[in-house]
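S.K.: Have a look at this one.
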Amino acid sequence: MTHSTKGWLIVFEGIDGTGKSTQIEMLADKLRAEGYEVVATREPTNSVYGRKIRSLYMNRENVSKEEELQLFIDDRKEHVAALLAPSLAEGKIILCDRYYLSTAAYQGANGFDPVDILERNRFAPTPDLALLFDLALDESIRRITASRGDTLNDFEQKESLMAVKKIFDQMEFDYIKKIDASLSINEVHQLVSAAVLPMIEKGEK
Ligand code: TYD
């Protein structure tokens, strides 16, 4: 895995219900207002693999764990080739909702060794920054069920979310910055901006 030399790859990670997508929108608006070219994207994507993943949500039993892991990896390969690598080469700022740390955490919680998962993701560019949204499990579940009006899908059952959170909590890479997602939307936005803007303005890798 190598860092890009031109653009910026900023990924947003953490368990479900932590407010990543709201923060991506707010940061994208702010960066665009300052004149930066921003690509906001997400995984799973809308590729054939991503669509297959989404269709698995409600009946995960129809696919083996290995097939599920492979789908996330295939989806990412496509995403890197079609969008991420070209956008980085053009010097753009990519804000990506979930990336390979999600695979390490979620499919790790599903029985794979997170280290092996990361090994299978070596084709993917290393993020310049991974904002790891940190939130207590009960609050994350409260937000998913109450505020979104959702029921928990199979990826989001409490037991497995606990295992997912544990793996996220143990991650130690120098590109990870933890964000306290229990704060207000505006406070979290300040934390996110403070992590991103100086890095980009400095312009050094
Ligand atoms: P999510 O971002 O929550 O999409 P949506 O808002 O459409 O529900 O991602 C869907 C689920 O996929 C989420 O619960 C985490 C899971 N996931 C993995 O298990 N592995 C991965 O590699 C990725 C990217 C996501």
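The values are calculated or read from the model by the stated rules, or taken from the named source; none is laboratory data. All values reported here derive from a predicted model rather than from experimental measurement. Glycine gets a Cβ as well: all are built from the backbone with ideal geometry, and neighbour counts include every protein chain shown. When the accessible area is computed, the model is the full protein with side chains, heavy atoms only, and any ligands, DNA or RNA have been set aside. Shrake-Rupley method; radii C 1.70, N 1.55, O 1.52, S 1.80 Å.
S.K.: Cut-off under 30 Å on the C-alpha distance; same-chain residues fewer than 8 positions from Lys92 excluded. Which lysines are left, in chain and number order?
M.R.: The qualifying lysines are Lys6, Lys20, Lys30, Lys52, Lys77, Lys177, Lys178, Lys202, Lys205.
S.K.: Find the accessible area per residue for the range 1-107; the probe is 1.4 Å, ligands and nucleic acids are left out, and the unit is Å².
M.R.: Result: 44 Å² of accessible area for each residue.
S.K.: Something else: With θ set to phi - 60°, apply the Karplus curve 6.51 cos²θ - 1.76 cosθ + 1.60 along the range 82-98 and write out the HN-Hα couplings as whole Hz, x wherever there is a Gly or Pro.
M.R.: 7, 10, 5, 4, x, 5, 5, 4, 7, x, 7, 9, 9, 10, 10, 7, 6
S.K.: Let a ≥ b ≥ c be the square roots of the eigenvalues of the Cα gyration tensor of the range 8-198; is it rounded (a/c under 1.5), or, if not, prolate (a/b larger than b/c) or oblate?
M.R.: Taking the square roots of the gyration eigenvalues as a ≥ b ≥ c, the range 8-198 is oblate.
S.K.: Counting other Cβ atoms within 10 Å, which trypsin sites (Lys or Arg not before Pro) in the range 62-168 have at most 12 and lie in a DSSP loop?
M.R.: Those satisfying the criteria are Arg122, Arg148.
S.K.: Still on this structure, please answer the following. For Ala40, enumerate residues with amide H under 5 Å from its amide H, sequence gap 5+ or separate chain, H modeled in the peptide plane.
M.R.: It is Leu95, by chain and number.
S.K.: Which residue, Thr151, Pro198, Tyr106, has the largest displacement toward the positive end of the dipole of the range 8-198 when charges sit on each Cβ (Lys, Arg +1; Asp, Glu -1)?
M.R.: Result: Thr151, furthest along the dipole toward the positive end.
S.K.: Please list, ordered by chain and number, the residues whose modelled amide H lies under 5 Å from the amide H of Phe133; skip anything fewer than 5 residues away on the same chain.
M.R.: Glu13, Gly14, Ile179
S.K.: So, one more: Where nothing but the Cβ of Lys and Arg (+1) and of Asp and Glu (-1) is charged, how large is the charge dipole of the range 53-184 around its Cα centre, in debye to the nearest 20?
M.R.: 280 debye
S.K.: Using DSSP to call loops (not H, G, I, E or B), can you name the GluC sites (Glu not before Pro) in the range 55-145 whose Cβ has at most 16 other Cβ atoms within 10 angstrom? Walk me through the numbers on the way to the answer.
M.R.: Numbers: sites: Glu61, Glu66, Glu67, Glu68, Glu78, Glu90, Glu119, Glu139; in loops: Glu90.
Answer by residue number: Glu90.
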